[in-house]
1. For the chain, just run the numbers: alpha carbon Rg, then divide by 2.2 N^0.38 Å, N being how many residues it has.
2. Counting Lys and Arg as +1 and Asp and Glu as -1, what is the net charge of the other residues whose Cβ lies under 15 Å from the Cβ of ALA30?
3. So in segment 117-256, what percent of DSSP beta bridges are antiparallel if you round to the nearest 5?
4. Let me make sure I get this right: for segment 117-256, a, b and c are the square roots of the gyration tensor eigenvalues over alpha carbons, sorted descending. Under 1.5 in a/c it's rounded, otherwise prolate if a/b > b/c, else oblate. Which is it?
5. Each residue of segment 131-145 in order: what ³J(HN,Hα) in whole Hz does its phi give by Karplus 6.51 cos²θ - 1.76 cosθ + 1.60, θ = phi - 60°, with x for Gly and Pro?
6. Which percentage, to the nearest 5, of the DSSP beta bridges contained in the chain is antiparallel?
7. Sequence-distant or interchain residues sharing an amide H contact under 5 Å with VAL10, placed H: which?
8. Which is farthest toward the positive dipole end of segment 117-256 among HIS221, VAL205, ASN192, measuring Cα position about the Cα centre, with Cβ charges +1 (Lys, Arg) and -1 (Asp, Glu)?
Amino acid sequence: MSPTTHRIAVIAGDGIGREVTPPALAAAAAAVRPQGIGFEFVEFPWGCDHYLKTGRMMDADGLDQLRHFDAIYLGAIGAPAVPDHVSIWELILPIRQRFDQYVNLRPMRLLPGVTGPLAGRGPADIDMICVRENSEGEYAGAGRIDHPGTPDERAEQTGVFTRRGIERIVRYAFELAARRPRRLLASATKSNALQYSMVLWDEVVAGLQPEYPAVTVQKYHVDALAARMVTNPGSLDVIVGSNLFGDILTDLGAAISGSLGLAPGANINPERRFPSMFEPIHGSAPDIAGKGIANPIGAIWAAALMLDHLGHGEASQRIVRAIEGVLAGGRVRTPDLGGTAKTADMTGAILGRL
C-alpha cells in the first residue's frame, strides 16, 4: 500500500459514464504517483441497469456503504428506459442531500486551442466559476400532485429556501471570489417575480457583503445574467446561484466554453463530515454511448477537482495543464470539438503528458 492511500467509491453509472470514468481514474492515479500517493477504487454497479434488474437505482443501504469513503466519483446517470426523475431522485439527489454536499462547484473556461461559439472571444474572455446551492431551493423535493389523471390535475412544486442554506453558499462564494484575482461576485436572483425566496436571497447577500469589502458584488436577474454570459462574459468571474439557476447557467457556461464534454463538476461538503462527489456534468449521452467517441476531458477534469479536494493541489494542476497542453496542440479532437479522435485517443494524449 502507498504511504497515503485514498479510498474512492466509483459509480460509473450509465451510458458514456462507463466510457469516461476509467480515463478519469487513470489520470488521477498518474498525477499523484510521483508523490507516492495511491488509490483504492471500489466500484458499485448502480444506475439505470441496476434499477431495471432490481427496482432500485442503488442498494437499500447504499448511502451507508458510501459514508466512509474519502470521496465518490460518479460517471453519469440516466437511460431512456428509466424516467429522469427516477434516476435523479433515487441516486444523485439522495447522495447530495444526505451527505450535505451543499456546494456544487462548476468551472466554466474556454481552454486554449478550443473554438467557442462566441465570435471574437478567447480564453481571456471566458473564465468563470459557478457556486451553485446544491441541497435545497427548487430541488428540495417538496410538492404534490392532486387529482391525477383528471382534467383538474394540479402539480405543485415548492422551492425551499432557508437563511442558513443561503448564507452558507453565499459565504462560500464570497470567500472563493476573495481568493481569485478579479474579486468579482455575481449573484443570480429573480426577486422582481419571486417575492419570497429571492427577496430572502438578496437580503442574505446584502447582509454578508460588508464582511468582504475586497469583493465587488453585483446582483443580476437570472435572465439578464444569462444574456451577459453571452454578450459580455469577460465581465463575470464567480457566479452564485440557487439550485435551479445554477444548473441552467452552468449548462450555458459549458456551451460557450466549447462543449458540454469539457465541463467538470464537484459536489462538496466543505466541513468534510461526509464524502464529496465529483462528476462531469454532461450526463449519460445515450445517443453516442458505446461508440467510443465521448470526450473524456470533463471526467478527467472532475478527477482533478477531486485531487484538489483531497489536498493534492499540485497534482490537480498537473492534470489541468495536461488537458490544456493537449487542446492547445490542436491535433487531438473528439467529435464534439470538431475532430475525429476517439475517447481512447484523447485519453492517451492526456496521460502521455502526465
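Every number here is computed from the coordinates shown, using simple stated rules; none is lab data. As the structure is a computational prediction, the values presented were derived from the model and not from experiment. Using ideal geometry, Cβ is built from the backbone for each residue, glycine included, and neighbour counts are taken over all protein chains shown.
1. Numbers: Rg = 20.1 Å, N = 354, 2.2 N^0.38 = 20.5 Å.
Dividing the Cα Rg of the chain by 2.2 N^0.38 Å gives 0.98.
2. Numbers: positive: ARG33, ARG318, ARG321, ARG353; negative: GLU314.
With Lys, Arg at +1 and Asp, Glu at -1, the net is +3.
3. On the way: 6 of 19 bridges.
Antiparallel bridges make up about 30 percent of those DSSP assigns within segment 117-256.
4. Values: a/c = 2.59, a/b = 1.49, b/c = 1.74.
Oblate.
5. 9, 9, 5, 10, 10, 9, x, 6, 9, 6, x, 9, x, 6, 10
6. Details: 21 of 49 bridges.
Of all bridge pairs located within the chain, approximately 45 percent are antiparallel.
7. Placed amide hydrogens put VAL42, GLU43, PHE44, TYR73 under 5 Å from VAL10.
8. VAL205
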